[in-house]
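Everything on this sheet refers to the single structure shown next.
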Amino acid sequence: MKDVLILGIESSCDETAASIVKNGRDILSNVINSQISIHQQFGGVVPEVASRKHIENIAGVVDKAFKDAGLSYSDIDAVAVANAPGLVGALLVGVSFAKGFAYALNKPLLAVNHLHGHIYANFLEHENISFPAICLVVSGGHTSLLYMASRGHLKLIGETRDDAAGEAFDKVARFLGLGYPGGPAIQKAAQQGETGRYKLPRVFLDRNDFEFSFSGLKTAAMNLWRKSERQGNASVYDMAAEFQEALVEVLAEKTIRAAQEYQVHTLLMAGGVAANQRLRNMMKERSKALGLQLYYPALNLCTDNAAMIAGDAHYYYINGRFAPLTLNAYPGLWSL
Ligand code: KG4
Ligand code: ZN
């Protein structure tokens with residue numbers, strides 16, 4: 001069968017990314033232009049700044065993806081773009097560029113849900129993932145548990161009632177003066193701290209469902225922090241360690257419970273927070289103890305990238321699920 005080469009474009013938040021993936025598996029190029037240093041000065045992503053940076057960067061990023069892959073424009077078979085969910089102004093840059101590119105080259109356009117792309121990052125690296133599976137999606141905007149009957153059949157079984165896990169990491173890091181993005185900053189600080197010195201709740205662990213809540217945990221952390229500052233015994237390292245542990249333990253425990261309740265043997269993790277080392281280790285230990293097969297993407301494929309978009313799009317390409325040139329961007333769509 002002829003090789004299928006897909007250009008993927010990703011611009012849902014603060015990374016402008018383009019990648020060319022062959023046959024849904026071989027990453028020929030994976031270019032990521034991060035705006036982190038720009039948003040750092042504001043303590044978080046400023047949507048309008050993100051859109052403007054995307055518009056400046058996107059042509060160069062796409063060109064580099066072709067250059068790195070050693071291909072010319074006409075070599076690709078389709079153009080894929082993440083069109084939901086995310087910051088709508090940011091998404092529109094990628095969507096508009098992808099449409100123009102596809103139109104100019106007379107190639108089909110493919111629309112990919114960004115969260116589905118995160119999940120698909122697992123399939124880029126592992127060929128024979130067996131189903132059914134439970135998937136934990138943990139990013140800056142989402143915290144969801146999904147039951148996957150097969151590659152394209154996903155059912156939401158629980159999600160956060162308020163803040164996403166990544167959002168809680170980011171907000172607490174900002175409060176502690178650790179900077180943006182908060183997840184890696186808290187992970188780093190936690191390495192020098194000890195859990196248990198501050199005592200934070202494991203929210204919703206007493207509930208027999210797959211819902212999460214991280215807003216209360218964030219407030220509890222802030223209150224304890226202020227108290228310790230007043231008492232003169234504050235330690236940013238210990239707070240980072242306890243906060244990370246409290247959050248990660250709930251994620252890991254609920255994911256394992258879901259596997260047991262749904263009687264699955266495969267677990268997947270996806271999204272930026274799946275890069276967290278403590279979460280990866282805890283999930284590794286617990287799934288090993290129960291004989292469950294655990295998958296998570298390589299670190300550079302956990303956080304936002306376009307290889308996951310181009311890879312996921314392969315499935316749509318072979319199924320003829322093309323997008324029209326009227327394609328729009330949507331901030332909160334969970335169309336799986
Ligand atoms: O998936 P992602 O790159 O973008 C979204 O789709 O939101 O996720 C970004 C989130 C941020 O909140 C960031 O703080 C978090 O992932 N993150 C981490 C780590 N690396 C990134 N959280 C915890 N530990 C990490 N090592
Ligand atoms: Zn993402």
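Below is a table of values for the structure above.
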read-out	value
In range of the label at Ser34: residues from region 292-320 whose backbone nitrogen is under 14 Å from the point 7 Å along Cα→Cβ	299-306
Set of region 112-152 residues, backbone N closer than 20 Å to the point 7 Å along the Cα-Cβ line of Ile318	112-113, 116-133, 148-152
Spacing of the two label points (7 Å from each Cα toward its C-beta) at Asn233 and Asp26, in nm	6.1 nm
Computed FRET value (nearest 0.05) for Gln41 with Asp162, which takes r as the C-beta separation and R₀ as 30 Å	0.65
Asp209-His153 FRET efficiency (beta carbon distance; Förster radius 25 Å; 0.05 resolution)	0.70
Within the chain, helix-based [θ] at 222 nm, where runs of 4 or more DSSP H residues each add -39,500 (n - 2.57), nearest 500	-14500 deg cm²/dmol
Filter on Lys218/Lys288; Lys155/Lys218; Lys53/Lys107; Lys218/Lys254; Lys254/Lys288 - keep pairs with C-alpha separation over 23 Å	Lys218/Lys288; Lys155/Lys218; Lys53/Lys107
Charge dipole of the chain about the Cα centre (unit charges at C-beta), most positive-ward option of Leu200, Ile129, Gln277	Leu200
Computed E for Ala59/Arg197 - FRET, C-beta separation, R0 45 angstrom, nearest 0.05	0.35
Rg/Rg_globular for the chain, with Rg_globular taken as 2.2 N^0.38 Å and Rg from C-alpha atoms	1.00
Centroid-to-centroid separation of region 139-179 and region 185-227 [C-alpha atoms, Å]	15 Å
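No lab work stands behind these numbers, since they all come straight from the coordinates. If you're wondering where the values come from, they're calculated on a predicted model, not measured in any experiment. Methodologically, a virtual Cβ is constructed for each residue, glycine included, from the backbone with ideal geometry; neighbour enumeration extends over all protein chains shown.
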